[in-house]
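Below is one structure; the comments refer to it alone.
The values are calculated or read from the model by the stated rules, or taken from the named source; none is laboratory data. Given the structure is predicted, the values throughout are model-derived calculations rather than measurements. Glycine also receives a Cβ, built like all others from the backbone with ideal geometry; neighbour counts cover every protein chain displayed.
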Amino acid sequence: MSHILLIPSMRPMDGSGHLQRMVRVHRQLPGSQLYIRSEDREAFARLVPDSDGFQLVSDVLNPALIIIDMPWLERETMRQLLRRAPVVGIDLGGGARAMASYLVDTLPYPGDALHRRYFAEPERTPSTVAEIMKIPGGRRTWEAPNLFDPGFLPLPKRTREPDGRIERVLVSFGGSDPADLTGTFLAALERSPRLRGVGGSIIVPPRREGDLPPVPGNWQLLPYTDDLPERYAEYDLVVCSYGLTPWEAQYAGVKTLVVDASFYHGELARRSGFISIGPDSLVQVADELTDPAFLLRLSNQASRVRTLEPKPLAGFLQTLERHCGHRCPVCGEFPGHTLVCRNESRSYFRCGSCSTIFQVRLLPDTIEYDRAYFFEEYRSQYGRTYLEDFEHIKDMGRRRLEMINRQLFDTEGQPRLLDIGCAYGPFLDAARDGGFLPEGIDISADAVGHVRNSLGISARCGDIADEDFRNGYDASSFDVVTMWYVIEHFRDLTAILPWIRRILKPWGLFAIATPNSSGISGRRNLPGFLFGGPEDHFTVWSPRQAEKAGAFHGFQLQHWNSTGHHGERFPGILGKAPFKGLSTLLSRAASLGDTFEAVFIRLPDEQEGPPGERPDDANEN
Ligand SMILES: [Zn+2]
């Protein structure tokens, strides 16, 4: 259940760098599998002769995580992969880019407008590494990756100091060389006395083996190998096409000249700050290799990526969570979610079916709900401990109970209320005062102990995400279930919401409080609102979404109430001190609070009868 499936590009046009990178990760990542279709096995064997002990598969069975290393992928393929597991895209482009659960770019991605603006200034070369590191773009751009770091490139260990000489040249257009730049270079070698005057090595792509003309005596043809980057430092100049190679060569301290395999590759090379030329200009540029100014440009270039900090890609991939799915955590559907925004630790998508915004989080959690959570965490957020705040929260509970009472149908005897995530019990205490028979659930043993021993209210310690724990509750046993700022903490609600429906009596009430993505902060800057929220808020609700999400599970949104009004969060002058009061009034009038409370009615099944009377018929909304 925990294996990682690695899917490299095997299309010759994409070059062999993606395959070699996944091969390296496969060697370093125990339990990983390498996806190579049967029709690609022959080409694979040519490119990776030493694959003893490899776990090769040609089916996507049940991976826990999928890593895809391709410059381009169709949406439909991505949709099918996402049904199996979360997908991490590495230097992924194409229509599927925005769909990836997590995106790592090791090469600058050119599609994004910010990248374009940055790289479109040709006079900026030589760029420094510090500048390169700024490239990933703003949070608002949806083409930006979660993480951009050229340090993840397989940077060579052997490096050298760049100097002004060019005596030995390495020519390598990769293992596939779809544009036959090797052939183009050999033709130029024949025509250029300058090139024949230096010496060097030409890497033969596997499919051209035995097929190339002889070369002058100071040149040699070498077979393609996957450990080539360690040999770059033996040369003064690497001639290559755009891809991983120019980055690796510059890291090794070697002057690098990029020959454009296509117009697109030329654009990528120039935007990444490399000196690149068209294949037709090889002979002409070879003559310039004696020009001191050109040599200086090349060697300045060679030092620009030297300060990158190498990071092991396999090590990073191994730390990623493997239990986090890509289905909507509220309705469980997979209609093709829309990307909202990404940052280094989170990706947010909006469900196309119930419109819930949910977080896909592949980095490990850092929050634990222990005593410290309620005391230190709470104090840091609100300036006082949860227990110090008990009376204040209990007051809020009284107001919430009024809201619930207005919607509650007549019950036989004392209404039973279950508060999930009851913490130290202020709401339970208010509910008991209000005539309910309350009961609590919390995952903190300390909190549950306090509720039982100090308040004398029944409570169980457990996690409702755990099926066994859920099964400890009888069907149709509560009139009210409440979750105050709790629902957003679950990674997966697809079993929890049906369970709440089950333990509620028909026409019973389910009440929540949770952040509101359509409040003033979410409307002003949704990515800012989402990234500003705690890392353990996995679903983000709004009244309109709550109506759809509730309907999905047999609940009807009966009433909602905007809370958390902050006049100072309004834009412009409305947020300034003299207008704050007015803005807060406006927020209340227009329901623009950053949180909301909602009451759902558990709709009956067909055989379940009509509701009782409401105590008063003042059903306002
Ligand atoms: Zn959904």
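Overview of values
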{"quantity": "Some residue of segment 230-249 being part of a loop (DSSP other than H, G, I, E, B) and modelled with pLDDT under 90", "calculated": "yes"}
{"quantity": "Single residue of segment 249-291 satisfying the filter (of a type in the set (Gly, Ala, Ser) and closer than 20 Å to Gly175 by Cβ) that is surrounded by the most Cβ atoms within 10 Å (Cβ to Cβ)", "calculated": "Ala249"}
{"quantity": "Per-region count, segment 181-222, residues of a type in the set (D, E, K, R), over 16 Å from Val283 (Cα atoms) and either buried (at least 16 other Cβ atoms within 10 Å of the Cβ) or in contact with an Asp or Glu (Cβ under 9 Å, 6 or more places away or on another chain) (or both)", "calculated": "2"}
{"quantity": "Pick from segment 341-353, criterion out of contact with any Cys (no Cβ under 7 Å at 6 or more places or on another chain) and part of a loop (DSSP other than H, G, I, E, B), ranking: farthest from Pro527 (Cα to Cα)", "calculated": "Gly352"}
{"quantity": "Strands (runs of 3 or more DSSP E) contained in segment 1-99 and holding at least 2 residues under 16 Å from the mean Cα position of the chain (by Cα)", "calculated": "65-69, 87-90"}
{"quantity": "Any pair with Cβ under 6 angstrom, 6 or more apart, that starts in segment 200-214 at a residue that is free of Cβ contacts under 8 Å to residues at least 40 places away in the same chain and ends at one that is among the small types (Gly, Ala, Ser) and not in a loop (DSSP other than H, G, I, E, B)", "calculated": "Ile203/Ser172"}
{"quantity": "Unmet criterion (only one of (1) buried (at least 16 other Cβ atoms within 10 Å of the Cβ); (2) outside any helix (DSSP H, G or I); (3) modelled with pLDDT under 80; (4) within 20 Å of the chain's Cα centre (by Cα)) for His115", "calculated": "(2)"}
{"quantity": "Filter result for Ser32 (hydroxyl-bearing (Ser, Thr, Tyr) and farther than 21 Å from Leu362 by Cβ)", "calculated": "no"}
{"quantity": "Single residue of Thr159, Thr141 found to be modelled with pLDDT of 85 or more and surrounded by fewer than 21 Cβ atoms within 10 Å (Cβ to Cβ)", "calculated": "Thr159"}
{"quantity": "Residues of segment 175-193 that turn out to be modelled with pLDDT under 90 and in contact with a helix residue (DSSP H, G or I) (Cβ under 6 Å, 6 or more places away or on another chain), as a count", "calculated": "3"}
{"quantity": "The one condition in (1) over 19 Å from Met396 (Cβ atoms); (2) modelled with pLDDT of 95 or more; (3) acidic (Asp, Glu) that Asp429 fails to fulfil", "calculated": "(1)"}
{"quantity": "Residue satisfying all of: in segment 400-435; acidic (Asp, Glu) and in a loop (DSSP other than H, G, I, E, B); surrounded by the fewest Cβ atoms within 10 Å (Cβ to Cβ) among these", "calculated": "Glu412"}
{"quantity": "Scope segment 334-352; condition surrounded by fewer than 23 Cβ atoms within 10 Å (Cβ to Cβ), without any contact (Cβ under 8 Å) to a residue 60 or more places away in the chain and either at positive phi or within 8 Å of the ligand (Cβ to nearest atom) (or both); matching residues", "calculated": "Pro335, Gly352"}
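For (1) within 16 Å of the ligand (Cβ to nearest atom); (2) of a type in the set (A, V, I, L, M, F, W, C); (3) modelled with pLDDT of 85 or more, each residue gets a yes or a no:
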| site | (1), (2), (3) |
| --- | --- |
| Arg271 | no, no, no |
| Asn300 | no, no, no |
| Pro312 | no, no, yes |
| His326 | yes, no, no |
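Okay, residues lined up against (1) part of a helix (DSSP H, G or I); (2) touching a helix residue (DSSP H, G or I) at 6+ places or on another chain (Cβ under 6 Å):
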site	(1), (2)
His565	no, yes
Ser583	yes, yes
Leu586	yes, no
Leu592	no, yes
Phe600	no, yes
Asp605	no, no
Glu608	no, no
Pro611	no, no
